[in-house]
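What follows is a short report on a single structure.
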Amino acid sequence: MILRELCDAIGVSSGEDAVRDLIYTHIRDYVEDVRVDALGNLLAVRRGTGAVDLRVMAAAHMDEVGLIVVGYDSDGLLRFRAVGGIDARILPGMRVLVGPERIPGVVAWAPIHVNSSEDTVSIERLRIDIGVSSRDAAQNAVERGELIAFDSRLIELGPTVRGKALDDRAGCASLITLIQGEPFPFDLHVAFTVQEEVGLRGAQVAAQAIKPDVAFVLETTACHDLPEDPDEPDQTTITRLGGGPAITVADRSMVSDPRLVRFLAQTCEREGIPFQFRSPQHAGGTDAGAIHLTRSGVPSAVVANPCRYLHGPASVMNLSDFENQSRLLRAAWMALTPAVLERD
């Protein structure tokens, strides 16, 4: 399963090399003009039939949230900070892998027997225990600036999967599937981007290089649908697991192009694909936030997989939502013409 390979690979922001190499092995027989830019984005072109004159960009980010080593204590514990958005409350007791040698560690925290309920959880107060007992031993094992990943593997749970980095390896897996399928009416310019979790950096550079007429971002988005009260629909859920891929209307980084939102929704209705709209009032941004502001502006849209417990070691995603993401985009791209972008 491509999804398992991608999720189990480690690629904290700025250290996406292993993920990029893996993606390349799956797309190299289907694409042309493959290149890795200065930031580390993997760019390529899936040639189309030439029936439609549009320069279409599709993007999915390779990086995942994680941690970074910033110092040492005298007893050998590691000090660290977050890379990307991580809630410190999920960290105590978490298993991690430190540095390129994947040194196993655990986030240290006093056990419940001695921990005061008044204690607050902050990254500044947490440490990582790698099993050494002195500063010198810790410094010999781990350098400052080395990246730290969640120690977690993808497993199947009935109709769902659980694992780290579903954000956004699920989007990467969907894009690979689309590349491997039959060609589209246009050349598809694909970008597997870096450093999305720390500021949408790779996408900005990739879009400037591609110069697209229109862009689609394949993402994973927050799902906060538990506990559920069927008598009180709650818009704070953002999305619902099993409700189909989520079309973003607006988020912190952008307002999606209304023409594309309408086109995607109409495609779902025509093809009988379940879908939902991402609740727009919540924080969060995607590569589309950078792409749509490049050059003179790029009409952009986001199709995302709903995912519970995002930015943690055990995110949960429904496989039918995942499969319908690529199904929706294939149907939409097969029908995409310049007329979709015409102003009313």
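The table below gives the values:
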item	result
Longest segment of the chain lacking GluC sites (Glu not before Pro) that sit in a DSSP loop with at most 12 other Cβ atoms within 10 Å	229-341
The chain: relative contact order in percent, alpha carbon pairs under 8 Å with at least 6 residues between	23
In range of the label at residue 89: residues from region 266-296 whose backbone nitrogen is under 17 Å from the point 7 Å along Cα→Cβ	283
Förster-model FRET efficiency, 51 Å R0, residue 4 and residue 343, C-beta, rounded to 0.05	0.70
For the chain, convex hull of alpha carbons as volume per residue, Å³	152
Label point distance in nm, residue 269-residue 136, each placed 7 Å from Cα along Cα→Cβ	7.3
Region 66-150 - percent relative contact order, Cα under 8 Å, separation 6 or more	46
Kyte-Doolittle mean at least -1.0 and Cα axial length at least 24 Å: DSSP H helices in the chain	319-335
Distance from region 270-310 to region 22-36 (C-alpha centre basis), Å	25
Fully extended contour minus Cα-Cα distance, from residue 102 to residue 45, at 0.36 nm per residue	17.1 nm
The chain: antiparallel DSSP beta bridges as a percent of all, rounded to 5	65
Amide H within-cut-off set for residue 240, under 5 Å, with H built and near neighbours excluded	none
Extension gain, residue 74 back to residue 335 (0.36 nm per residue minus Cα-Cα distance, nm)	87.7 nm
Net charge, residue 48 excluded, C-beta distance under 15 Å - Lys, Arg +1, Asp, Glu -1	-2
Label zone at residue 121, where the point sits 7 Å out along the Cα-to-Cβ direction: region 72-108 residues whose backbone N lies under 14 Å	86-95, 107-108
Zone of residue 262's modelled label, taken as backbone nitrogen in region 316-344 under 15 Å from a point 7 Å along Cα→Cβ	337-344
With at most 14 neighbouring Cβ atoms within 10 Å, loop trypsin sites (Lys or Arg not before Pro) (DSSP) excluded, longest segment of the chain	154-251
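Readers should treat all values here as calculations from the given coordinates under stated rules, not as data from a laboratory. Remember, it's a predicted structure, so these values are computed and weren't measured experimentally. Glycine also receives a Cβ, built like all others from the backbone with ideal geometry; neighbour counts cover every protein chain displayed.
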